[in-house]
Amino acid sequence: MFARFKERGLSPLFVIVTLIIVAIVLPSVFIFIRLFHPVTESWLHIKEYVLADYIHNSLVLVAGVSVITGILGTFFAWSLSKYQWRFGLLLESLLFLPMAIPPYIAGYVYGGIFTPFGTLDRILNQVGKEPIRVDILSKGGAIFVFSLFLTPDVFLVTKVFFEKLPKNIEESSRLLGRNQSATFFRVILPMSRGALVGGIVLVMLEVLNDYGLVRYFGIPTFSTAIYQTWFGMSDVDGAVRLAASLMSIVIIILLMEQFFRGRGRLSQARAISDGGIKKRASKVYKVVFYVLTFVYLSLALILPITQLVWWSSIAKQTNVMRRFGSILFNTISVGVIVTILVVVCGILIGNLNRLNPSILSKIYARIVILGYSVPASIIAIGVLVTFISVDRSLSGLYGILDLKNLFLTSSKFILIFALTIRFMAIGFNSIESGFSKMGKKHYEASKLLGRDEWYTFRYVDFPILKPAIISAAIFAFVDVLKELPLTLILRPFNFDTLATRVFTYAGDEMIHEASVYSLIIIGVSIVALILLSFIRKGTRI
Amino acid sequence: MEETNEKIVSMIIVAVLLVSVAGCGVEEEKVVNIYTDRHYDTDQDLYDKFTEQTGIVVNVVKADSDELLERLKAEGENTEADLLVTSDVGRLFRAGEMDLIKAFNSDVVESNVPEHLRATDDLWTALTVRARVITYALDRVDPSTLSTYEALTEPEWEGKVLARSSSHIYNQSLLASFIALNGEEAAKEWAQGLVANMARTPEGNDRDQMKAVVAGEGDVAIVNTYYLGKLLNSSDEVEVEVGKQIGVFFPNQETNGTHINISGAALTKYGTNDEAAIELLEFLTGSEAQNDYASANYEYPVNEAVAPSDLLKSFGELKIQNIALSLLGEYNDKAVKIFNEVGWQ
């Protein structure tokens, strides 16, 4: 079958990637169509009274969080990939971990620390001091919490890039007389813009699409407008319309970024880096690094975990652990399957972009973000409608096979599909940043030596790409672990995951019970990180 | 390489499909499939009890009610769901508007649930009742100064009133009830007056409002009674202490009654297990299940043969708003718009 495509000049890779892209785009089409529906009355109301405020809030949050995560994430990534530290490997793993704490749970945690009768009050009370009021449930508080728990997103993506950055670039810059900081800011940073932007885009989308934290904090944002139109005014069309405009803006920005950065890319740079030799840091740098890391990990890991452990310890034990085995199995099996799919699709798309770059392949590479560009409940509607129409068109076949009417829609397949297209953006971002410095040289050499595609991938490309693949896998897996809206709405009967259990309790203000499952999510993430770091060992070239 | 990867992908897909097929091959047994936005462990306990007594298997999908409605709508006549359970009457009304539910016609349910807690056309029935009341700081507020929701907009309460954000359905249905009782203008005036008297911009949940009252950030808070029940029975001693410093006042007892909302259930229009679903409705409104609802979740039972929990009894007799509950659904979007207009975040 592929031979025929080849004759027409279409590579099988192109065909497969196109199919993947179609699958990603299809649910969004159902969303986009509504852009052209007539304007509803609730849209006019939203626009007149609240939209400007909500957009303003969204922008403030997005800007604040982007700047902080950008600086922190890049600083950690650069330091850990270029300098020697005591316990460097341990610190590296610990810096990923805040990712396992969903921002809305972190919101409850920090609320629980700073609100009246919270942990801070209790501690002050113990030592006989007056309570201090910190208004954590505010815009500033939200930026603080988001930043803490989204920094790993930037860290992960930029680190993959820095690790593969050829050392000679730095050396040349130093030889030409630039000092260390000038080298970083004038040479390294502009070169790593792609990876940095990739990481920050994830952070921005996460903040834009959050509804849990901002709702608890009482900060209405653009996603509040979407949900208010839908839930409050029962105007689904209006809500989807709002989401579609959000999606369009995101896509336009991303495409523009892609085209403008075109020439700044390091496409033919040396793929093999400096052999992992790390420099010694100066004394001042050491102090700054250790203090910052300590403060960050205290706030993003030690403090919330301590709070969660304490809350868990006073959870009412009845029924909390019911059906735990199946919950854990569901979560991990879905997580593993989706992770594999995300990674495989990411490699295919990235490879196409490298081997046959074209305008189309560049557009493909940006379109993967579609599934991540609007709140998940909206994507869920798109997926639902898509699957139901597929099911309806297959109903004849189902009749013959004696299957249920909505066979696909009522199976786990819809959930796996939805999660895959949702997190494709996240996985692909890491993989793309791995591909971006690879070039074609080694691939072509291998082909010239008569090796086939598979051999070339397995023994030439894969080892170079492995760190990027591993960070993509971490991203995808941890994100599936804590994913909520898609799982809630698309799951089959009696299907619970760790995250849905968190929601079940947190939604009803039962934070003690919710903590138990939040901790388990963190625990599973730790296990996954350890496993992946084992795979990673020995692959540094 | 692509082909190998493609093989892996297709193998995974096939494997997933096989697992799902295996799950479907169970023998014919009586089942009832529920879409619910009530997430309490109590509910699962009740379903388990029901299965024990009747042999009918209960399957559950839990999600937010509007998303469940959208799923029901998309699935249309192919849906597997038989019963829709929501924790807000507005959503049941909406389901009726969207033509997603059908009348249940059960004498048992009719005798279990008083008329004002059912839809006139038998489209839905309440399972539990919650009251939205005024709570106050016992040490600072003399309950004789409290009277109605409306009175909270008087100048004497300036900077003293706490309430959560308007994105929450409980506030929306409260305002919808005022639209139904007093008209849109009066409702808007009330919302405006309340915003003017707020101690702070709305933030946090109902529990947080009560904690803020005890901490002195405000004097009164509008909350649902069962959250006070949860504070008082918390496994966290400090929360219990907070709960003890809170008084409950049923507003509008001398006028048009305290606002209530319900959680309720309806048969889905295209459900195929009507018999089992009705049996479950009869069970859930029966005295055994109603007792469990009342004691575990501090909600008011709908079955008049069942007494509320001791805690609820200690709050006193409750005169409720005398309006058709479906109006709360009908005026929901108006309420949301008023909140936006007066800037109740």
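The values are calculated or read from the model by the stated rules, or taken from the named source; none is laboratory data. Fair warning: this is a prediction, and the values are worked out from it, not measured in the lab. Ideal geometry is used to build each Cβ from the backbone, glycine not excepted, and the neighbour counts take in all protein chains shown.
Can you find a residue that is within 28 Å of A:Ile113 (Cβ to Cβ), more than 9 Å from every other protein chain (Cβ to nearest Cβ) and at pLDDT 85 or above anywhere in segment A:453-474?
yes
Of all helices (runs of 4 or more DSSP H) completely enclosed by segment A:322-398, which ones contain at least 3 residues that are out of contact with any His (no Cβ under 6 Å at 6 or more places or on another chain), farther than 30 Å from B:Gly76 by Cα and facing chain B (nearest Cβ under 10 Å)?
A:324-355
To keep it simple, each residue is scored yes or no on (1) buried (at least 21 other Cβ atoms within 10 Å of the Cβ); (2) hydroxyl-bearing (Ser, Thr, Tyr).
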position	(1), (2)
A:Leu202	yes, no
A:Asp210	yes, no
A:Thr221	yes, yes
A:Ile226	yes, no
A:Leu242	yes, no
A:Ser245	no, yes
A:Ser248	no, yes
A:Ile252	no, no
A:Met256	no, no
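A quick yes/no check of all residues on (1) crowded, with 24+ Cβ neighbours inside 10 Å; (2) outside any loop (DSSP other than H, G, I, E, B); (3) under 22 Å from the mean Cα position of the chain (by Cα):
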site: A:Leu415; (1), (2), (3): yes, yes, yes
site: A:Ile421; (1), (2), (3): yes, yes, yes
site: A:Ser430; (1), (2), (3): yes, yes, yes
site: A:Gly434; (1), (2), (3): yes, yes, yes
site: A:Gly439; (1), (2), (3): no, no, no
site: A:His442; (1), (2), (3): no, yes, no
site: A:Lys447; (1), (2), (3): no, yes, no
site: A:Pro463; (1), (2), (3): no, yes, no
site: A:Ala468; (1), (2), (3): yes, yes, yes
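Could you list, in sequence order, the residues of segment B:108-136 that are of a type outside the set (A, V, I, L, M) and either at positive phi or touching a Pro at 6+ places or on another chain (Cβ under 6 Å) (or both)?
Selection gives B:Asp122 alone.
Which residue, of B:Leu312, B:Leu327, is surrounded by 20 or more Cβ atoms within 10 Å (Cβ to Cβ) and more than 9 Å from chain A (Cβ to nearest Cβ)?
Step by step, each of B:Leu312, B:Leu327 is checked, and only B:Leu312 is surrounded by 20 or more Cβ atoms within 10 Å (Cβ to Cβ) and more than 9 Å from chain A (Cβ to nearest Cβ).
Take the conditions at pLDDT 85 or above, within 29 Å of A:Asp135 (Cβ to Cβ) and hydrophobic (A, V, I, L, M, F, W, C) and apply them to A:Val214. Does it pass?
yes
Find all pairs meeting these conditions: Cβ atoms under 6 angstrom apart; at least six residues apart or on different chains; first residue within segment B:70-85 and more than 7 Å from chain A (Cβ to nearest Cβ); second residue part of a helix (DSSP H, G or I) and not small (Gly, Ala, Ser).
Correct list of pairs: B:Thr79/B:Leu72.
For segment B:216-268, give me each residue that is away from chain A (no Cβ under 12 Å), under 30 Å from A:Trp310 (Cβ atoms) and not in a strand (DSSP E or B).
The answer is B:Thr225, B:Leu232, B:Lys244.
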